[in-house]
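Below is one structure, written out as structure tokens, with a few remarks after it.
The values are calculated or read from the model by the stated rules, or taken from the named source; none is laboratory data. Bear in mind the structure is a predicted one, so any value in this text is a computation, not a measurement. Cβ placement follows ideal geometry from the backbone for every residue including glycine, while neighbour counts extend to all protein chains displayed. Remember, those area values only see protein heavy atoms, side chains included, never the ligands or the DNA or RNA. Shrake-Rupley method; radii C 1.70, N 1.55, O 1.52, S 1.80 Å.
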Number of protein chains: 2
Amino acid sequence: MAFSDLSTSDVGALFERVPKATLRAHIVERLRHAILAGDIPPGAPLVETALSERFDVSRGPLREALRQLIEEGLVVTVPYTGTHVAELSVEDVHEIYSLRTVLETFAFEQVWPRRDDRFRAELRRRNDVLIASIDADDDRASILNELDFHGLVYEASGHKLLQRAWHGLRGRLQLYWAAHHRAHGRRGPKRDSHDSYIEAAFGAEFDAMKAEIADHMRRGVETTEKFLRSMPDLSGKPKRGVKS
Amino acid sequence: MAFSDLSTSDVGALFERVPKATLRAHIVERLRHAILAGDIPPGAPLVETALSERFDVSRGPLREALRQLIEEGLVVTVPYTGTHVAELSVEDVHEIYSLRTVLETFAFEQVWPRRDDRFRAELRRRNDVLIASIDADDDRASILNELDFHGLVYEASGHKLLQRAWHGLRGRLQLYWAAHHRAHGRRGPKRDSHDSYIEAAFGAEFDAMKAEIADHMRRGVETTEKFLRSMPDLSGKPKRGVKS
DNA sequence: TTGTGCCAGATTGTCAACAATCGACGATTC
DNA sequence: GAATCGTCGATTGTTGACAATCTGGCACAA
């Protein structure tokens, strides 16, 4: 990028096919980030005119971006009435974690027979990165790093459909954690929360890994459930008449 | 619906909130049906102007409908270049079936402890419906009935996220079967293909059910693989310059 | 007071015109 | 003859204006 103006033709194109970004794609990213970072809380209205002004685009691309986020489950809409950021119920969280248990186990099942040392090393590395962000008290980074840690298994599985499914779950998880973070100030994953997880990954018994995944999810859903019950309304209602 | 014109106010609205359908929603349905029925084969170009004329809408709603189908995995697009119906590779089919094995097992795991007699009866009923359409030599109905049969487990699980995941898999499966049907004339699911499946569902051992699901999928991926290899190009290329 | 109907504002849905980009074809040059 | 460059048609991306619909509140009557 830094040397793209050295010549008329795009030098970068020599190395990789990179289609010019569309406004829509840009909006999807920015809007998704705004939602997942908690800038626009669950339940908050997403008025098209307001957003198109905020992002300085017309409503066309914006609406298409919204469609995409709707399909990702981050946004819900009612025809002719309104659009708002999705809210998470206790049942939703249960569903996320139960499905995640199944998918993550399956992902490990794909990786396991390969006894991939590079994978394990990277797992350790990402945990170190996570710990570093915890030590630095950077909650937002901690959330992303936690997700990246678990995301590795899905990447390593090489299973595109599985990765897609993880993407859907990941977004919803992030949605919840952002709310948690906003409410508590600190999300508070323990420094050692992945110790046994990694230990199992380096072990020889797949059943142990399987049990560890289930246990990790159980812990996750526990904290989550407690938090959600203590905070019946974490949404940004009312749905209408707010200028964002 | 039959009595909606008996009075000025919509009588149906008394019982259920039913927002007026939008053009976009209509297009999504029609386009999805056209693709899944094989009217527009995998790889065929989806030119916006042609489609907007065919469905008699402007490009706005049409594009939004396309976004949705893209997110469902039925359509792929390259910015400024073109859009076409997704194609299925052998790897894709493997991924579909492997993930489906996991999800369907999980779905059964949810239903199993309830020992739900209504569920089992319905399972039998849907199999009868499937057999009827096979006997009637109605291939298109057979495909839908086969999917409906398996869909019951996901519905019965009551797991919304799981149902969503099944929806994604279902579309891709249908995409393949439509191609299969178009190429072979007959898809040919056996009349008795679900006998052991149902037997296991009525049995007491969950492990037997689990094994049966895996076996069912193994048979599916086998047929599928053989077919795809025998037919390296089932797409409707070229991607550009065709009026559909 | 309670219920009912209507009205106005807000919001999303739809459209048609215009701009940006891409891919292929052919002219041109060495 | 091969490679390169420019041009042109096709296609998608973007915009602003207009239409359809919903929600909430207010006037009015029982």
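Structural remarks
- Label point at B:Asp192 placed 7 Å out along Cα→Cβ; residues across the stretch B:122-137 whose backbone nitrogen lies under 20 Å: B:124-137
- Solvent-accessible surface, computed for protein heavy atoms with a probe of 1.4 Å, shrinks by 30 Å² or more for the following residues of the stretch B:146-187 when the other protein chains are added to the isolated chain: B:His159, B:Lys160, B:Leu161, B:Arg164, B:Arg172.
- Neighbouring Cβ atoms from other chains, within 10 Å of the Cβ of residues in A:66-77, number 3 on average.
- Calculated SAXS-style log₁₀ I(q)/I(0) at q = 0.24, 0.27, 0.28 Å⁻¹ - the stretch B:18-85, Debye, Cα scatterers: -1.10, -1.39, -1.48
- Distance between the pseudo-spin-label points of A:Glu205 and B:Glu205 (7 Å out from Cα toward the beta carbon): 2.4 nm.
- Within 10 Å of each Cβ in A:99-107, the average number of Cβ atoms from other chains: 4
- Over the stretch A:20-85, relative contact order from alpha-carbon pairs under 8 Å, at least 6 apart, %: 41
- Area hidden from solvent between B and A (accessible, protein heavy atoms only, 1.4 Å, total, Å²): 2900
- Of the GluC sites (Glu not before Pro) in the stretch B:180-225, those whose Cβ has at most 13 other Cβ within 10 Å and which sit in DSSP loop: B:Glu205
- Across the stretch B:90-230, the mean sequence separation of Cα contacts (distance under 8 Å, 6 or more residues apart), normalised by length, yields a relative contact order of 37 percent.
- The loop-placed trypsin sites (Lys or Arg not before Pro) in the stretch A:137-231, going by DSSP, that have at most 13 neighbouring Cβ atoms within 10 Å of their Cβ come out as A:Arg186, A:Lys190, A:Arg191.
- Neighbourhood charge, 9 Å Cβ-Cβ cut-off, centred on B:Glu48 and excluding it, Lys, Arg +1 and Asp, Glu -1: +2
- Long pairs among A:Lys210/B:Lys190; A:Lys160/B:Lys210; A:Lys160/B:Lys226; A:Lys210/B:Lys160, criterion Cα-Cα beyond 32 Å: A:Lys210/B:Lys190
- Label distances, nm, B:Lys190 versus same residue in remaining copies, Cβ-directed 7 Å point: 5.2
- Excluding ligands, DNA and RNA, the accessible surface per residue across the stretch A:20-85 is 45 Å² with a 1.4 Å probe.
- Mean silhouette area of the stretch B:90-230, derived from the convex hull of its C-alpha atoms and averaged over all directions, reads 7.7 nm².
- Take B:Arg118, push a point 7 Å out from Cα through the beta-carbon direction, and compare it with the same point in every other copy: 5.3 nm, smallest first.
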